[in-house]
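The values are calculated or read from the model by the stated rules, or taken from the named source; none is laboratory data. Values in this document were obtained by computation on a predicted structure and should not be read as measured data. Here the Cβ positions follow ideal geometry from the backbone for every residue, glycine too, while neighbour counts run over all protein chains shown. Heavy atoms of the whole protein, side chains included, go into the accessibility calculation; ligands, DNA and RNA do not. Shrake-Rupley method; radii C 1.70, N 1.55, O 1.52, S 1.80 Å.
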Amino acid sequence: MATDRRRPVAVLAAVTALGLGACGQPAGGGTAPSSVLPRGDEAVRLVPADFSADVTNRFWPLRPGAVWRYDSVDADGTTQHVEVTVLDETYTVAAGIEARVVHDVVMQDGALFEDTRDYYAQDADGNVWYLGEQTTEYPPGEPPSTEGSWEAGVDGAQPGVAVPADPHPGLTYRQEYLKDAAEDRAVVLSTDEMVQTPSGHWAHALLTRETTPLEPDVAELKFYVPGVGQVLTLQTSGGSEREALVGISG
């Protein structure tokens, strides 16, 4: 599964009110109606002509040349530096949709730890769809790994929604689906949070909670700011990693 906000009590209140211990259980099987966002392993039939590689969603605007820089610290004090760049490049996934390529680079102790190309496209309603990723991890002292890579239309992989067009509390959706490899899901908690990181202080942020059945003890809160994008990720279960936006350009 990769923001200061309203006071922590507000976040806790939102979590409690939505009963997130059992939130967002997706319906299994079948085909998702076009009027709802996909959940679980539901198949979706997307029309390539309905999509654009120009992503303008207010909570996740992917302008070519934009760069976000994050610092991440876990419970052991391990620090990673993350740079996310929107490339002036597109890629047509196997499902036939032309996607914007976003390049993520993670550095740890001055060495490359992860290198990923993510694929996103926006539908006619403004939903940002996540169409796959090609990722390689370089764990210290271990062989490189491409585990977690997937592409919509390959080996049964299904696309998901990265950021909905009309988020509202209680909205649930899957973000990706490749059985036993990529099964992230999300629920919207709020669209009116305050959030602060070293790079700034914002209001009216979108707050989501992400989980995956592949790691049932892990949960994350993510904050997205209108016109800026993702600014803070907080791991609230299964660890205590914090990833905060420290700079943005482009």
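Of note:
- Test: residue in region 132-144 that is open to solvent by less than 40 Å² (accessible area, probe 1.4 Å) and modelled with pLDDT under 95: yes
- The lone exception for Asp125 - which of (1) surrounded by fewer than 18 Cβ atoms within 10 Å (Cβ to Cβ); (2) touching a Pro at 6+ places or on another chain (Cβ under 8 Å); (3) more than 17 Å from Thr233 (Cβ to Cβ) it fails: (2)
- Within region 100-197, strands (runs of 3 or more DSSP E) holding 2 or more residues that are out of contact with any Lys or Arg (no Cβ under 8 Å at 6 or more places or on another chain) and not basic (Lys, Arg): 111-123, 128-137, 158-163, 185-197
- Put simply, of Glu142, Glu137 the only residue that is out of contact with any strand residue (DSSP E or B) (no Cβ under 9 Å at 6 or more places or on another chain) and over 21 Å from Val36 (Cβ atoms) is Glu142.
- Residues of region 200-246 that turn out to be on the phi < 0 side of the Ramachandran plot and assigned to a strand (DSSP E or B), as a count: 30
- Test: residue in region 58-66 that is open to solvent by 80 Å² or more (accessible area, probe 1.4 Å), among the charged types (D, E, K, R), assigned to a strand (DSSP E or B) and touching a Gly at 6+ places or on another chain (Cβ under 7 Å): no
- Checking Ala49 against (1) among the hydrophobic types (A, V, I, L, M, F, W, C); (2) out of contact with any Ser or Thr (no Cβ under 7 Å at 6 or more places or on another chain); (3) closer than 19 Å to Glu210 by Cβ, the condition it does not meet: (3)
- Verdict on Ala165 being in contact with a Gly (Cβ under 9 Å, 6 or more places away or on another chain), more than 30 Å from Leu189 (Cα to Cα) and not acidic (Asp, Glu): no
- Considering residues of region 76-98 that are out of contact with any Pro (no Cβ under 9 Å at 6 or more places or on another chain) and not in a strand (DSSP E or B) only, the residue most open to solvent (accessible area, probe 1.4 Å): Asp76
- Here Pro213 does not fit the description of being in contact with a His (Cβ under 7 Å, 6 or more places away or on another chain) and more than 18 Å from His81 (Cα to Cα).
- Among the residues of region 20-57, those identified as open to solvent by less than 40 Å² (accessible area, probe 1.4 Å), on the phi > 0 side of the Ramachandran plot and either at pLDDT below 50 or out of contact with any strand residue (DSSP E or B) (no Cβ under 9 Å at 6 or more places or on another chain) (or both) are Gly24, Gly29.
- Of all the residues in region 179-205, those that are more than 15 Å from Gln230 (Cα to Cα) and either loosely packed, with under 14 Cβ neighbours inside 10 Å or small (Gly, Ala, Ser) (or both) number 4.
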